[in-house]
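Here's the structure we're looking at; comments come further down.
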Amino acid sequence: MASATGQADVIVLGAGIVGVSVALHLQERGRRVLLVDRGEPGAETSHGNAGLIERSSVVPYAFPRDLATLASFASNRSIAVRYRPAALLRMAPWLARYWWNSAPNRLDKLGGAILPLIERCIEEHRHWTQAAGTEALMRGDGWIELYRTRRSLDLAARSAAELASYGLAYDVLDENALHRLEPGLRTGAVAGAVHWRDPVTVSDPGAVTRAYARLFVARGGSLKTGDAGDLLQGEGEWRLQADGIGWRAPEVVVALGPWSNDLCERFGYRFPVGFKRGYHMHYESGEEAAPHHPLCDARAGFVLTRMQRGVRLTTGIELAGRDEPSDSWQLDQAELVARELVSLGRRLDAEPWRGARPCLPDMLPIIGRAPRHHGLWFAFGHAHHGFTLGPVTGRLLADAMINAPTFCDIGPFAADRF
Ligand SMILES: Cc1cc2nc3c(=O)[nH]c(=O)nc-3n(C[C@H](O)[C@H](O)[C@H](O)COP(=O)(O)OP(=O)(O)OC[C@H]3O[C@@H](n4cnc5c(N)ncnc54)[C@H](O)[C@@H]3O)c2cc1C
């Protein structure tokens, strides 16, 4: 018996925040969309992150170029940035390009390209908040960056002042002012903080992504289980088996987060993706002690966020292969430091969660058409800011796909820059 067939205008591969957002935007433009994931929506990187919709991140996360910072990483004892020596060797060409792109003049240009997306990140999430019922998961009033010494606080205050032209709302807080906002912080633990007031935080990023996916389905979209690796190119169409149905569509979008290159390589595209891995763990915490805002320890690079499940500690960067086994050192060390800052109860997860931030060496995602395949589109490589930029990426790509004017130049994100 012939198997059932389905027809869509677009197949979106990957139901993380990026794929779900692309699917919703295409649907809003009248496209019949099939959204495919091998698991539940929002169960991978879009679940495990720190939950920041990072409106204040107006400068990309550059490769450090000052000798003091580089020297602090060299011993591989930095809690903020750790590496597997063997991985570092493999990643050397990527690291060299990342370093090159981090020179001040290039960074200015790259930051200028992504700025229109950062500027819209909150309103693009809010575009769906009401319909998806996610208001209760979103908190305004930003996040707080903690500094141990007066000197590091003064330096941070000067760096913040240098961003004046971006019009960001922030306060530099001495210890007393900080304690008024965060009474659970231990006295004497830090010298002060910078409070970035524009960003929004969510208390369960996976649940937000799932709610957006439910909205897509409620509006008539198809969400199916399937393996993107089965994608085939036929005569003027793309084919994929999902939930026992043979789907066909003239266009397909790859939004597979850290796994995007696996599929792209099958079609002859090899993008220079480096992985900055990260871990999280939840902790029990009393109402009094739990942070009111996400707290970022500037030196140790971790973030403490009050989530639905408990206080989530997300670590900084581990440079390693995407699938190499986990190493508990960074999380264990971050936890020791975190316990000096706030009162944390027992661990709530049996194992630390681990994920990977896929980064292109110019710090920009790939958003746009595949250079050599008709009807193939890309949306991945969002590094530190995929949860922030998912919805706005959806708008940009969907407009490009229907040939509508885009709110900013999509050129800097083109795949053929590599
Ligand atoms: C520790 C950490 C903290 C972070 N904190 C923040 C933060 O505070 N703010 C922020 O903006 N960003 C943050 N990020 C980054 C952010 O989480 C990611 O950029 C974002 O979630 C990427 O979304 P995505 O949709 O591209 O990928 P994912 O959420 O990983 O989605 C990819 C989807 O593809 C599916 N998939 C993979 N392979 C296949 C296949 N073969 N077939 C079918 N489906 C497949 C997966 O199941 C998954 O659902 C953080 C990341 C980490 C690791």
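Has the stretch 340-347 got at least one residue that is more than 11 Å from the ligand (Cβ to nearest atom), in a helix (DSSP H, G or I), in contact with a helix residue (DSSP H, G or I) (Cβ under 7 Å, 6 or more places away or on another chain) and touching a residue at least 12 places away in the same chain (Cβ under 8 Å)?
no
Considering every residue within the stretch 293-303, establish whether at least one is farther than 21 Å from residue 3 by Cβ and among the acidic types (Asp, Glu).
yes
Of the conditions (1) in contact (Cβ under 8 Å) with a residue 60 or more places away in the chain; (2) surrounded by fewer than 22 Cβ atoms within 10 Å (Cβ to Cβ), residue 378 satisfies every one except a single condition; which number is it?
Evaluating residue 378 over (1) in contact (Cβ under 8 Å) with a residue 60 or more places away in the chain; (2) surrounded by fewer than 22 Cβ atoms within 10 Å (Cβ to Cβ) leaves (2) as the failure.
Just a yes or no: is a residue in the stretch 271-281 basic (Lys, Arg) and under 24 Å from residue 389 (Cα atoms)?
Yes, the conditions are met somewhere in the stretch 271-281.
Could you please find all residues in the stretch 238-287 being charged (D, E, K, R), at pLDDT below 95 and under 30 Å from residue 346 (Cα atoms)?
287
If residue 323 satisfies every condition in (1) in a loop (DSSP other than H, G, I, E, B); (2) among the charged types (D, E, K, R); (3) more than 13 Å from the ligand (Cβ to nearest atom) but one, which is the exception?
(3)
Could you list, in sequence order, all residues of the stretch 275-307 that are within 13 Å of the ligand (Cβ to nearest atom), out of contact with any Leu (no Cβ under 6 Å at 6 or more places or on another chain), closer than 27 Å to residue 94 by Cβ and not charged (D, E, K, R)?
275, 278, 280, 296, 301, 303
Test residue 418 against the criterion of being more than 25 Å from residue 94 (Cα to Cα), aromatic (Phe, Trp, Tyr), more than 14 Å from the ligand (Cβ to nearest atom) and assigned by TED's automatic domain parsing to the domain that holds residue 249, and give yes or no.
no
Is it the case that the stretch 82-105 has a residue that's within 19 Å of residue 303 (Cα to Cα), basic (Lys, Arg), in the same structural domain as residue 168 (by TED's automatic domain parsing) and surrounded by 14 or more Cβ atoms within 10 Å (Cβ to Cβ)?
yes
Could you count how many residues in the stretch 222-259 are loosely packed, with under 15 Cβ neighbours inside 10 Å, in contact (Cβ under 8 Å) with a residue 24 or more places away in the chain, within 12 Å of the ligand (Cβ to nearest atom) and outside any strand (DSSP E or B)?
The total comes to 2.
Which residue is farthest from residue 92 (Cα to Cα), if the candidates are limited to the stretch 356-411 and must be assigned to a loop (DSSP other than H, G, I, E, B) and β-branched (Val, Ile, Thr)?
Checking each candidate, the answer is 402.
All but one of (1) surrounded by fewer than 20 Cβ atoms within 10 Å (Cβ to Cβ); (2) at positive phi hold for residue 288; which doesn't?
Failing condition for residue 288: (2).
Look through the stretch 59-77, keep the residues that are within 30 Å of residue 293 (Cβ to Cβ) and of a type in the set (Gly, Ala, Ser), and return whichever of them is farthest from the ligand (Cβ to nearest atom).
68
I'd like the full set of residues that are under 12 Å from residue 386 (Cβ atoms) and in a helix (DSSP H, G or I), limited to the stretch 35-81.
Across the stretch 35-81, the qualifying residues are 45, 46, 47, 48.
For the stretch 23-58, how many residues meet the condition of being more than 9 Å from the ligand (Cβ to nearest atom) and either in the same structural domain as residue 316 (by TED's automatic domain parsing) or among the hydrophobic types (A, V, I, L, M, F, W, C) (or both)?
Qualifying residue count, the stretch 23-58: 7.
May I ask you to list pairs of residues, at least six apart or on different chains, whose Cβ atoms are under 8 Å apart, with the first in the stretch 383-405 being away from the ligand (no atom under 12 Å from the Cβ) and basic (Lys, Arg) and the second being modelled with pLDDT of 95 or more and not in a helix (DSSP H, G or I)?
Partner pairs satisfying both residue conditions: 395/407.
The values are calculated or read from the model by the stated rules, or taken from the named source; none is laboratory data. A quick note: this is a predicted structure, and the numbers were derived from the prediction, not measured. Cβ coordinates were reconstructed from backbone atoms using ideal geometry, including for glycine residues, and neighbour counts include every protein chain displayed.
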